[in-house]
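*Asks:* Structure provided below as structure tokens; questions to follow.
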Amino acid sequence: MADLDRLAALNARIADAAIDPAVFAQIVNALPDGLVVINEAAEVRFVNMQVELMFGYPRADLLGEPVHKLLDPSIREQHAKHIAGFFVNPTPRPMNFARVLDGRHANGRKVQVQISIAPLIADEGVLAIAVIRRVAGGQ
């Protein structure tokens, strides 16, 4: 019984600490890096404002689309394999500062980025949350 009481108390503290959804949305959109959430089919479920600015696509043009749309066509197939591998073993994969990927802006120009990815457990199952950082000096 004591364990259940401690769990109930912990749940109550977590609920009390919850951030208002409007404030949370402001926080996510204020981040200096792009934030993308995808499902196992690599479909975009969420993007923050920085992704829109970095890649030139309005949010509505990305939601439900393959995340590979943001990458250079030359690496899309390889990236799809990396995403599939991530969902087989969904563990955090921090940014590799030596690895720069070529993204593709809506206007066709190259956007050089670095990406970190981690699992996110949601009602619809395991999702992947990616932090995208534009590389200084990228076009």
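The values are calculated or read from the model by the stated rules, or taken from the named source; none is laboratory data. For clarity, every value in this text was computed on a predicted model and none was experimentally measured. Every residue, glycine as well, gets a Cβ built from its backbone with ideal geometry; the counts of neighbours run over all protein chains shown. Side chains are part of the model used for accessible areas, which takes the heavy atoms of the whole protein and leaves out ligands, DNA and RNA. Shrake-Rupley method; radii C 1.70, N 1.55, O 1.52, S 1.80 Å.
*Asks:* I'm trying to understand the selection: among the residues of the range 123-139, which are touching a residue at least 24 places away in the same chain (Cβ under 8 Å) and assigned to a loop (DSSP other than H, G, I, E, B)? Break it down into steps so the answer makes sense when it comes.
*Replies:* Kept after step one, since they are touching a residue at least 24 places away in the same chain (Cβ under 8 Å), are these residues of the range 123-139: 124-135, 137-139.
Passing the criteria: Glu124, Val135, Gly137, Gly138, Gln139.
*Asks:* Please state which one of Leu31, Leu35, Leu70 is at pLDDT below 95, open to solvent by less than 70 Å² (accessible area, probe 1.4 Å) and within 18 Å of Gln114 (Cα to Cα). It would help to see each step written out before you state the result.
*Replies:* Numbers: Leu35 fails: at pLDDT below 95; Leu70 fails: at pLDDT below 95.
Within the list Leu31, Leu35, Leu70, the selection yields Leu31.
*Asks:* Something else now. Consider the range 77-103. How many of its residues are among the hydrophobic types (A, V, I, L, M, F, W, C), within 14 Å of the chain's Cα centre (by Cα) and part of a loop (DSSP other than H, G, I, E, B)?
*Replies:* Counting residues in the range 77-103 that are among the hydrophobic types (A, V, I, L, M, F, W, C), within 14 Å of the chain's Cα centre (by Cα) and part of a loop (DSSP other than H, G, I, E, B) gives 1.
*Asks:* Does Ala106 satisfy being under 14 Å from Ile129 (Cα atoms), modelled with pLDDT of 95 or more and in a loop (DSSP other than H, G, I, E, B)?
*Replies:* no
*Asks:* To continue, here is another question. Looking only at residues that are farther than 20 Å from Arg134 by Cα and in contact with a strand residue (DSSP E or B) (Cβ under 9 Å, 6 or more places away or on another chain) in the range 41-65, which one is least open to solvent (accessible area, probe 1.4 Å)?
*Replies:* The extreme case among them is Ala42.
*Asks:* Could you tell me whether the range 109-122 includes any residue that is without any contact (Cβ under 8 Å) to a residue 12 or more places away in the chain, in a strand (DSSP E or B) and under 16 Å from the mean Cα position of the chain (by Cα)? Break it down stepwise before answering.
*Replies:* Narrowing the range 109-122 to residues without any contact (Cβ under 8 Å) to a residue 12 or more places away in the chain: 121-122.
In the following step, the residues that additionally are in a strand (DSSP E or B) were identified as 121-122.
With under 16 Å from the mean Cα position of the chain (by Cα) added as a condition, the list becomes 121-122.
Within the range 109-122 (the criterion being without any contact (Cβ under 8 Å) to a residue 12 or more places away in the chain, in a strand (DSSP E or B) and under 16 Å from the mean Cα position of the chain (by Cα)), the answer is yes, since at least one residue qualifies.
*Asks:* Among residues belonging to the range 73-87 that are closer than 12 Å to Ala128 by Cβ and hydrophobic (A, V, I, L, M, F, W, C), point out the one that is surrounded by the fewest Cβ atoms within 10 Å (Cβ to Cβ).
*Replies:* Top of the filtered list is Ala84.
*Asks:* Can I ask one more? Residue check: is Arg93 open to solvent by 80 Å² or more (accessible area, probe 1.4 Å), basic (Lys, Arg) and either more than 28 Å from Phe24 (Cβ to Cβ) or free of Cβ contacts under 8 Å to residues at least 12 places away in the same chain (or both)?
*Replies:* On the way: open to solvent by 80 Å² or more (accessible area, probe 1.4 Å): yes; basic (Lys, Arg): yes; either more than 28 Å from Phe24 (Cβ to Cβ) or free of Cβ contacts under 8 Å to residues at least 12 places away in the same chain (or both): no.
No.
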